[in-house]
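Presented below is the structure to which this report refers.
The values are calculated or read from the model by the stated rules, or taken from the named source; none is laboratory data. Since the structure is predicted, the reported quantities are computational estimates derived from the model, not experimental observations. All Cβ positions, even for glycine, are placed from backbone atoms using ideal geometry, and neighbour counts span all protein chains on display. Areas reflect the complete protein model, heavy atoms only, side chains present, ligands, DNA and RNA absent. Shrake-Rupley method; radii C 1.70, N 1.55, O 1.52, S 1.80 Å.
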Amino acid sequence: MITLKDGNIPSREEAAKKSKGLEGIVAAQTGISHIDGINGRLYYRGIDINDLAANSTFEETTALLWYGKLPTKGQLERFQQKFADNRLIPNDVISILLSLPKKTSPMGVLRTAVSVMATYDPDEGDNSLEANVNKSIRLTASMPTVVAAWNRIRNGLWPVTPSKTLSHAANFLYMLTDRVPTETEAKVLDTALILHADHGLNASTFAARITASTLSNLHSSITSAIGTLKGPLHGGANEQVMRMLLEIGDVDRVEQYLRGMFAAKKKIMGFGHRVYKADDPRAAWLQKLSREISESTNNMRWYQMSERIREIVQEKTSLPINVDFYSASLYYTLNIPIDLFTPIFAISRVAGWTAHVYEQYSDNRLIRPESEYIGPMNVPYVPISERE
Ligand code: CMC
C-alpha cells in the first residue's frame, strides 16, 4: 500500500494533487542507499559518502552496493579482475556502432548497445541472482567501452582495446584518448564515479525497478534506466550546466546572465533537488575535484565561473546545489566532450541500478500505481464519415 509520508491514505483526488511527480510518496523500501535531504547527507549501505569518496574506489563501492558490505582484500582483488576480464564488447556490437549515424547521441548509443548486449550475454535467459550478478559485471565492465568506442568511431578513429591492468576509471580515460591518464586524472574520475553510483529512488532507478517488477530481465531494466537518466531534469543536467557556462563565456558576464534567467523565470541547471533541502554532499566533493583539476591544468576559467554562479544563485534563492553543477566544469577541464558527461553518470549509476534490480527481484510485487481520470465521459463514437 502506498501512503503519503504523514501515514495517511489519501483520496484519489487528493493523492493526485499532493503527489504530482510522486513527491513525498514512499514507493519502495531499500537497504542500498539513504539520502538525508535535510542535513545534506548520503549513505551507501550505511557508510557515509564522504568516507567512501575519501577512501574507496569505484570497484570497491560497486561491491559494497551489490553484496551489502565492503569486500575483503582477496574478494576485492577477484572482483577487480572480473571487471578487467569483461571489458571487451562483442565485435557485432562494434559493427552496430559503426553502422549508426555519426550524429547519434552517446546516451542513445549506450541505450541501444546495452539493449543489444542482452542477446550476447551467456546468462540471458537466467534470472537467478548468480546469473544477474554475472550480467551486471559484464555490463558495468563494458559500458565504458561502448561510450569510449562510440566517441572514437564518430571521430573517424578505431576504438582502443581496453586495458586489463588499469582501474575502471583509468581504463575509461585511456580508451577515450589512447593515452594512459595521469594519477590525478584517474583518481578524480574514480571519485566522481563513486559519488554517482547510487542515490535512493531517483527517476532512473525507479524506472529500472518498475521494469524489473514486471519480471522483465536485467538488461531491459538497465535500458529503461538509461533512457530515463538521459533527460535534462535528471542526468542530462550536467551537459546543460556546461552549455550554460559556454554561453556565458566569461566570469564578468555571470551576473547579467543570471539576472536574465531570474527575470525570465528560467531554471538554472545544477540547482534544485526533490529531496535535498541542504546542499547535496556530492557537490562539495565535485567542487573540490573541479578546483584540483583546474589548478593542476592551469585552467581556472570554468571553475571560477561556476563559483560566481553558485555565489549569486545562493544569494538570491534557497535552491540547493546538486551533483550536476561542478561535474560539468570538472569533466570539461578533463577534456571530456560535453555529450559524454551524462554517459559518465550512467557508467557509474549502473552499479546502483543493478543493485536495485536484485533488491526488487528479491521481494517483488508489480509496481502499478493508479491514475485519476479527469477526461470526458460517455463520449459517443462518431463514424468516420460523419466526423468534421
Ligand atoms: N532554477 C530555478 N528555479 C528552480 C530550479 C532551478 N534549478 N529548481 C527548482 N526551481 C523552482 C521551480 O521553478 C519551482 O518554482 P515555483 O514553485 O515558483 O514554480 C520550485 O523551485 C520547485 O521546483 P520543481 O521543478 O517543482 O521541483 P522538483 O522537485 O519537481 O524538481 C528538479 C527538482 C531537480 C527537477 C529541479 O530542481 C530542476 O529542474 N533543477 C534543474 C535541473 C537539474 O539540475 N537537475 C539535476 C537534478 S540532481 C541530479 C539527478 O538526480 O539527476
Matching residues in region 177-199 (open to solvent by less than 20 Å² (accessible area, probe 1.4 Å) and not in a loop (DSSP other than H, G, I, E, B)) number 11
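Does Tyr67 satisfy being open to solvent by 50 Å² or more (accessible area, probe 1.4 Å), touching a strand residue (DSSP E or B) at 6+ places or on another chain (Cβ under 6 Å) and either of a type outside the set (Phe, Trp, Tyr) or at pLDDT 95 or above (or both)? Let's see the steps before the verdict.
Values: open to solvent by 50 Å² or more (accessible area, probe 1.4 Å): yes; touching a strand residue (DSSP E or B) at 6+ places or on another chain (Cβ under 6 Å): no; either of a type outside the set (Phe, Trp, Tyr) or at pLDDT 95 or above (or both): yes.
Answer is no for this residue.
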So which of Leu245, Leu195, Leu258 ends up being in contact (Cβ under 8 Å) with a residue 12 or more places away in the chain and within 15 Å of the chain's Cα centre (by Cα)? Leu195
Can you run down the residue pairs with Cβ atoms below 6 Å, 6 or more apart or on separate chains, where the first is in region 70-92 and in a helix (DSSP H, G or I) and the partner is open to solvent by 80 Å² or more (accessible area, probe 1.4 Å)? Ala84/Lys164
What do you reckon, is Arg349 within 15 Å of the ligand (Cβ to nearest atom), among the charged types (D, E, K, R) and either assigned to a helix (DSSP H, G or I) or under 26 Å from Thr104 (Cβ atoms) (or both)? yes
Counting only residues in region 211-254 that are open to solvent by less than 10 Å² (accessible area, probe 1.4 Å) and more than 16 Å from the ligand (Cβ to nearest atom), the one nearest to Tyr326 (Cα to Cα) is identified as Ile222
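Does any residue of region 299-309 turn out to be out of contact with any His (no Cβ under 7 Å at 6 or more places or on another chain), touching a residue at least 24 places away in the same chain (Cβ under 8 Å) and within 29 Å of Glu23 (Cβ to Cβ)? Give the steps one after another, and end with the answer.
Pass one, region 299-309, residues out of contact with any His (no Cβ under 7 Å at 6 or more places or on another chain): 299-309.
Within this subset, residues satisfying the condition of being touching a residue at least 24 places away in the same chain (Cβ under 8 Å) are 299, 301-306, 308-309.
Next cut, within 29 Å of Glu23 (Cβ to Cβ) only: 306, 309.
Checked region 299-309: at least one residue is out of contact with any His (no Cβ under 7 Å at 6 or more places or on another chain), touching a residue at least 24 places away in the same chain (Cβ under 8 Å) and within 29 Å of Glu23 (Cβ to Cβ).
How about region 43-58: which of its residues are touching a His at 6+ places or on another chain (Cβ under 7 Å) and touching a residue at least 24 places away in the same chain (Cβ under 8 Å)?
Going residue by residue through region 43-58, those that are touching a His at 6+ places or on another chain (Cβ under 7 Å) are 43, 58.
Across region 43-58, the qualifying residue is only Phe58.
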Meets criteria (crowded, with 21+ Cβ neighbours inside 10 Å, of a type outside the set (A, V, I, L, M, F, W, C) and outside any helix (DSSP H, G or I)) for Pro162: yes
Taking region 368-388 as the search range and keeping residues that are open to solvent by less than 100 Å² (accessible area, probe 1.4 Å) and touching a residue at least 60 places away in the same chain (Cβ under 8 Å), which one is nearest to Arg209 (Cα to Cα)? Pro369
How many residues, within region 263-274, are near the ligand (Cβ under 8 Å from one of its atoms) and open to solvent by 60 Å² or more (accessible area, probe 1.4 Å)? 5
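Is it true that some residue in region 282-290 is in a helix (DSSP H, G or I), surrounded by fewer than 20 Cβ atoms within 10 Å (Cβ to Cβ) and among the basic types (Lys, Arg)?
So the first thing to find is which residues in region 282-290 are in a helix (DSSP H, G or I), and the list is 282-290.
With the extra rule that they be surrounded by fewer than 20 Cβ atoms within 10 Å (Cβ to Cβ), the set shrinks to 284, 288.
With among the basic types (Lys, Arg) added as a condition, the list becomes 288.
The answer is yes; a qualifying residue exists.
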Going through region 58-72 in order, the residues found to be within 16 Å of Asp190 (Cβ to Cβ) and touching a Lys or Arg at 6+ places or on another chain (Cβ under 8 Å) are Leu64, Leu65
Search region 93-136 for residues being within 29 Å of Tyr67 (Cβ to Cβ) and not in a helix (DSSP H, G or I), and hand back the single one that is least open to solvent (accessible area, probe 1.4 Å). Asp121
Please verify whether Arg301 is away from the ligand (no atom under 13 Å from the Cβ), of a type outside the set (Ser, Thr, Tyr), in contact with a helix residue (DSSP H, G or I) (Cβ under 6 Å, 6 or more places away or on another chain) and open to solvent by 60 Å² or more (accessible area, probe 1.4 Å), treating the condition exactly as stated. no
Tell me, yes or no, whether region 316-336 has at least one residue that is out of contact with any Phe, Trp or Tyr (no Cβ under 6 Å at 6 or more places or on another chain), without any contact (Cβ under 8 Å) to a residue 40 or more places away in the chain, surrounded by 16 or more Cβ atoms within 10 Å (Cβ to Cβ) and in a helix (DSSP H, G or I). no
